[in-house]
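Remarks on the structure that follows.
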Amino acid sequence: MLSVLRSELKYWISYGDSLRLQEELHKLLLPDRYSENGFYRVRSLYFDSIGQKDYVEKLDGVERRKKIRMRIYDESAATVKLECKQKTGALQQKESLLIDREDAIRIIEGDYGRLLDRPEELAWRLYCDMTLGCYRPVVIIEYDRCAYLYGEYNTRITIDRHVRSSELELDLFDNSLPWINTIEDAVILEVKFNETLIEPIRKLLAKYHLTNVAVSKYGSGRPVLERYLV
């Protein structure tokens, strides 16, 4: 099981500025292993309770809240990340389990029993939360990402663009989903780090006069729910 606790800052940035920033980051930091050839696709299937508790708490700005999701980078993936991402103020904690494709499909279909076969405490927690809350798949979010790393303070900077969602078709492994573009003209910049953000990166970001915002790809990716149910 992987568990990470760190600060996370989010910003809107224009498409043009994102290209300029990417050039500068390429000189300063190392791309992550997925970004060696540029942008790569990230696809996440989010779960929510029968009463849409996690989505409503996001809208209400509840101080302590969570999201449960599965993540892949390719539809043919043999393994899937099952993640619980918890937010407390400015701090984020992400815990991950690596599960095989068969178990992922069973969980998507509502069979959480295989989680009880796992030794990790996170697996037991997810089983309890998802069973008691009647969690089911609610939306798939996909976007193109380029990520950069700096080892000190576990610093990670990501540039996400072309964010799209599917609320009506929820097959995580389908390569022809009916996408809705949820964020058209802007790019999301995320800056994650432990303890402190190093000065060279702080100075670089300051050049773009960015304002920290509470943007959520998950929140923006549910227009059908927002329009008709909330």
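The values are calculated or read from the model by the stated rules, or taken from the named source; none is laboratory data. What you see is a predicted model; the values in this text were computed from it and never measured. Backbone-built Cβ (ideal geometry, glycine too); neighbour counts: all protein chains shown.
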Handout entry: Residue ranges of strands (runs of 3 or more DSSP E) in the stretch 54-110 with at least 2 members among the aromatic types (Phe, Trp, Tyr) and buried (at least 18 other Cβ atoms within 10 Å of the Cβ)
Key = none
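Just give me the residues in the stretch 119-151 being among the charged types (D, E, K, R) and in a strand (DSSP E or B), in sequence order. Working first, answer last.
Keep residues of the stretch 119-151 that are among the charged types (D, E, K, R), which gives 120-121, 125, 129, 136, 142, 144-145.
Those that are among the charged types (D, E, K, R) and in a strand (DSSP E or B): Arg136, Glu142, Asp144, Arg145.
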Exercise for the section: Can you confirm whether the stretch 174-182 contains a residue that is touching a residue at least 60 places away in the same chain (Cβ under 8 Å), within 26 Å of Ala104 (Cα to Cα) and out of contact with any His (no Cβ under 9 Å at 6 or more places or on another chain)? Expected result: yes
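Please pick out the residue among Tyr143, Tyr150, Tyr135 that is surrounded by 20 or more Cβ atoms within 10 Å (Cβ to Cβ) and under 30 Å from Leu28 (Cα atoms). Give the derivation first.
Values: Tyr150 fails: surrounded by 20 or more Cβ atoms within 10 Å (Cβ to Cβ); Tyr135 fails: under 30 Å from Leu28 (Cα atoms).
Within the list Tyr143, Tyr150, Tyr135, the selection yields Tyr143.
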Exercise for the section: Determine whether Arg164 is in a strand (DSSP E or B) and among the basic types (Lys, Arg). Expected result: yes
Practice task
Evaluate the stretch 176-188: report whether one residue or more is crowded, with 18+ Cβ neighbours inside 10 Å, of a type in the set (A, V, I, L, M) and more than 18 Å from the chain's Cα centre (by Cα).
Solution key: yes
Handout entry: Matching option when the condition is touching a residue at least 40 places away in the same chain (Cβ under 8 Å) and either out of contact with any Asp or Glu (no Cβ under 9 Å at 6 or more places or on another chain) or farther than 17 Å from Arg41 by Cα (or both), among Ala147, Ala186
Key = Ala186
Exercise for the section: Please indicate, with yes or no, whether at least one residue in the stretch 131-141 is touching a helix residue (DSSP H, G or I) at 6+ places or on another chain (Cβ under 8 Å), within 30 Å of Leu197 (Cα to Cα) and not polar (S, T, N, Q). Expected result: yes
Problem - The lone exception for Arg114 - which of (1) assigned to a helix (DSSP H, G or I); (2) modelled with pLDDT of 95 or more it fails - result: (2)
Fill in the blank from the handout: Given the conditions (1) at pLDDT below 95; (2) in contact with a Gly (Cβ under 9 Å, 6 or more places away or on another chain), every one holds for Glu152 apart from (2)
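Table: residues versus (1) within 29 Å of Asp174 (Cβ to Cβ); (2) among the β-branched types (Val, Ile, Thr).
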position: Ile13; (1), (2): no, yes
position: Val62; (1), (2): no, yes
position: Ala77; (1), (2): yes, no
position: Gln93; (1), (2): no, no
position: Leu116; (1), (2): yes, no
Practice task
Determine the pairs where a residue that is more than 16 Å from Ala78 (Cβ to Cβ), located within the stretch 101-124, has a partner that is outside any helix (DSSP H, G or I) and acidic (Asp, Glu) with Cβ atoms under 7 Å apart, the partner being 6 or more residues away or on another chain.
Solution key: Leu122/Glu95
Exercise for the section: Quick one: which residue in Ser35, Ser44 is under 20 Å from Arg164 (Cα atoms), among the polar types (S, T, N, Q), in contact with a strand residue (DSSP E or B) (Cβ under 9 Å, 6 or more places away or on another chain) and modelled with pLDDT under 95? Expected result: Ser35
Practice task
Name every residue in the stretch 11-30 that is within 26 Å of Leu91 (Cβ to Cβ) and either loosely packed, with under 13 Cβ neighbours inside 10 Å or more than 17 Å from the chain's Cα centre (by Cα) (or both), in order of residue number.
Solution key: Ile13, Ser18, Leu21, Leu25, Leu28, Leu29, Leu30
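Among the residues of the stretch 195-214, are any hydroxyl-bearing (Ser, Thr, Tyr) and within 15 Å of the chain's Cα centre (by Cα)? Break it down into steps so the answer makes sense when it comes.
First, the residues of the stretch 195-214 that are hydroxyl-bearing (Ser, Thr, Tyr): 196, 208, 211.
Imposing the further condition that a residue be within 15 Å of the chain's Cα centre (by Cα) reduces the set to none.
No, the stretch 195-214 contains no residue that is hydroxyl-bearing (Ser, Thr, Tyr) and within 15 Å of the chain's Cα centre (by Cα).
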